[in-house]
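These notes are about the structure you will find just below.
The values are calculated or read from the model by the stated rules, or taken from the named source; none is laboratory data. What you are looking at is a predicted structure, and each value in this text was computed from that prediction instead of being measured. Cβ coordinates were reconstructed from backbone atoms using ideal geometry, including for glycine residues, and neighbour counts include every protein chain displayed.
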């Protein structure tokens, strides 16, 4: 007899079982609540101590920027496409999140033992659905309040009007996202479709980003905006905000009515079927969530990422794409890395998107000056680092478990250096493609500067792969200062050292190119700095690889 059909009304033991569990868990629940209270208190202190100043300065700068008519009109023009972009991003995130967690997630012991007892599944599972829906609504209301305040600070609407216009989205969109996530959690076939449609959804989001930027520059597409505002609940929720800001959305009452009716019907249906999530799905998600929670407490972010990635890719299908085998042993690592990327094209797609984001930020940096340009340069290089890092997963796999390198004809340190070839080469190709629009506009130097940045980023990715297990003891070394204990910042520097070193060094060189012109001397300096940084990082990677192998 299956777990789902083990309960019948005449053999109902739900009340007795849940009462027994509450008694057994009373001490554990009290300890957990105390721990959560301490964590919440610490977060409130951090938010109050550091966040208040940041929020105040951000609000003042936003008011100053909105005081200029051009900035205010640019914000108003971007609202239709920008709000639809945010709502559709929530849809994609909810669907992807449901592949490994979902709104109905029970603790591991409950999934392994309680659901196999003669208990009413509805009384066990529906409280978890209500908890997730409630937390989503709370988060949505907070975002609606923030949105109303932003509308008021920018002068687009009064505070009351802004809050009222954002409230339908804050209440309804989180509930609809929870309903969607529940359907993905319940139906394996829908999960397979989510995995297959994710690249197209990301492409749609990229197009909306481009439309938003195009609108900010003064090139609106009114017909397309109206289609988007009526294309679904993501557009219905945006209409009252657009109307409050002075945009064209005069039929917003009908859109809000449709949104409320759809949300109420969908939420009621989801609450009814929340008890029908298969036990196999619950157990798999409970195991993944337990792994993620345990490694997050030990700051093992890599282990958490692997657990989530395994759950996201669990669709029962495996690509078998191959490339011709090389004849030289010196090409075998390149061949393996290329085959790995061929079988996981999503990584190449992610690298292309991060490269495009970096190119867009570089274009913005070229039109700015002062600190704004420095910040844009750093952000562009950060995006480039993320792009190349997506292509170095094979190196991280080899470093996670040294037994995997037993196939290699090279020593471990040499193997790691070979793993930098494909990320550097493919990253340079993507950067060269992203530089073509700059070259067409007269900045031919971008065809050299952007690809050459991929070399140190690839070396930095190898350094990050072989630096060894997370040194959580750095969090407790104790460095008292008048501003507090700096142990966390020491740990953060250790964790982000490859990123910080590569981005900081390249930002100085790239800033010189932008500030003094792309002359021969500036370009030669940029290339030399990139090559020297690559050599230093590869030497560091070789040293760390030998050290990791000894331990």
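Do you know which residues across the range 449-465 are closer than 19 Å to residue 362 by Cα and either modelled with pLDDT of 90 or more or not in a helix (DSSP H, G or I) (or both)? Selection gives 450, 451, 452, 453, 454, 455, 456, 457. Residues of the range 128-139 that are surrounded by fewer than 18 Cβ atoms within 10 Å (Cβ to Cβ) and under 11 Å from residue 271 (Cβ atoms): 130 alone. The set of residues from the range 466-486 being at pLDDT below 75 and not in a loop (DSSP other than H, G, I, E, B) comprises 472, 473, 474, 475, 476, 480, 481, 484, 485.
For residue 123, indicate whether it is assigned to a helix (DSSP H, G or I) and out of contact with any helix residue (DSSP H, G or I) (no Cβ under 7 Å at 6 or more places or on another chain).
On the way: assigned to a helix (DSSP H, G or I): yes; out of contact with any helix residue (DSSP H, G or I) (no Cβ under 7 Å at 6 or more places or on another chain): no.
When the stated conditions are applied, residue 123 does not pass them.
Evaluated against (1) surrounded by 21 or more Cβ atoms within 10 Å (Cβ to Cβ); (2) within 28 Å of the chain's Cα centre (by Cα), residue 231 falls short on exactly one condition, (1).
Residue-level check: of (1) touching a helix residue (DSSP H, G or I) at 6+ places or on another chain (Cβ under 8 Å); (2) closer than 29 Å to residue 199 by Cβ, residue 86 misses just (1).
Residues checked against (1) buried (at least 19 other Cβ atoms within 10 Å of the Cβ); (2) within 21 Å of the chain's Cα centre (by Cα):
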residue: 172; (1), (2): yes, no
residue: 176; (1), (2): yes, yes
residue: 185; (1), (2): yes, yes
residue: 220; (1), (2): no, no
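For (1) over 23 Å from residue 530 (Cβ atoms); (2) part of a helix (DSSP H, G or I), each residue gets a yes or a no:
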| residue | (1), (2) |
| --- | --- |
| 338 | yes, yes |
| 358 | no, yes |
| 377 | no, yes |
| 380 | no, yes |
| 423 | no, yes |
| 439 | no, yes |
| 444 | no, no |
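Residue-wise test of (1) touching a residue at least 24 places away in the same chain (Cβ under 8 Å); (2) in contact with a helix residue (DSSP H, G or I) (Cβ under 9 Å, 6 or more places away or on another chain); (3) surrounded by 22 or more Cβ atoms within 10 Å (Cβ to Cβ); (4) on the phi > 0 side of the Ramachandran plot.
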| position | (1), (2), (3), (4) |
| --- | --- |
| 204 | yes, yes, no, no |
| 211 | yes, yes, yes, no |
| 227 | no, yes, no, no |
| 259 | yes, yes, yes, no |
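The listed residues are 362, 372, 350, and the only one of them that is surrounded by fewer than 17 Cβ atoms within 10 Å (Cβ to Cβ) and part of a helix (DSSP H, G or I) turns out to be 372.
Among the residues of the range 429-447, just one is surrounded by 19 or more Cβ atoms within 10 Å (Cβ to Cβ) and farther than 12 Å from residue 359 by Cβ, namely 445.
Mind checking which pairs have a first residue in the range 17-43 that is under 19 Å from residue 113 (Cβ atoms) and a second that is surrounded by 10 or more Cβ atoms within 10 Å (Cβ to Cβ), Cβ under 6 Å, 6 or more apart or different chains? From the range 17-43, the pairs are 17/117; 17/119.
Being modelled with pLDDT under 90, on the phi < 0 side of the Ramachandran plot and outside any helix (DSSP H, G or I) narrows it down to one of 118, 109, so name that one.
118
Only one of 284, 275, 215, 210 is out of contact with any strand residue (DSSP E or B) (no Cβ under 8 Å at 6 or more places or on another chain) and closer than 20 Å to residue 169 by Cβ. Can you tell me which? It would help to see each step written out before you state the result.
Working: 284 fails: closer than 20 Å to residue 169 by Cβ; 275 fails: closer than 20 Å to residue 169 by Cβ; 210 fails: closer than 20 Å to residue 169 by Cβ.
Checking each option against the conditions leaves just 215.
In the range 100-114, of all residues being surrounded by fewer than 21 Cβ atoms within 10 Å (Cβ to Cβ) and in contact (Cβ under 8 Å) with a residue 60 or more places away in the chain, the one that is nearest to residue 274 (Cα to Cα) corresponds to 101. Take the conditions within 22 Å of the chain's Cα centre (by Cα), closer than 18 Å to residue 544 by Cβ, in a helix (DSSP H, G or I) and touching a residue at least 24 places away in the same chain (Cβ under 8 Å) and apply them to residue 394. Does it pass? Spelling it out, residue 394 is indeed within 22 Å of the chain's Cα centre (by Cα), closer than 18 Å to residue 544 by Cβ, in a helix (DSSP H, G or I) and touching a residue at least 24 places away in the same chain (Cβ under 8 Å). Do we have any residue at all in the range 182-194 that's part of a helix (DSSP H, G or I) and over 24 Å from residue 271 (Cβ atoms)? Yes - at least one qualifying residue is present in the range 182-194.
Criterion applied to 548, 506, 528, 538 was being farther than 21 Å from residue 370 by Cβ, touching a helix residue (DSSP H, G or I) at 6+ places or on another chain (Cβ under 8 Å) and modelled with pLDDT of 90 or more, and the one residue passing it is 538.
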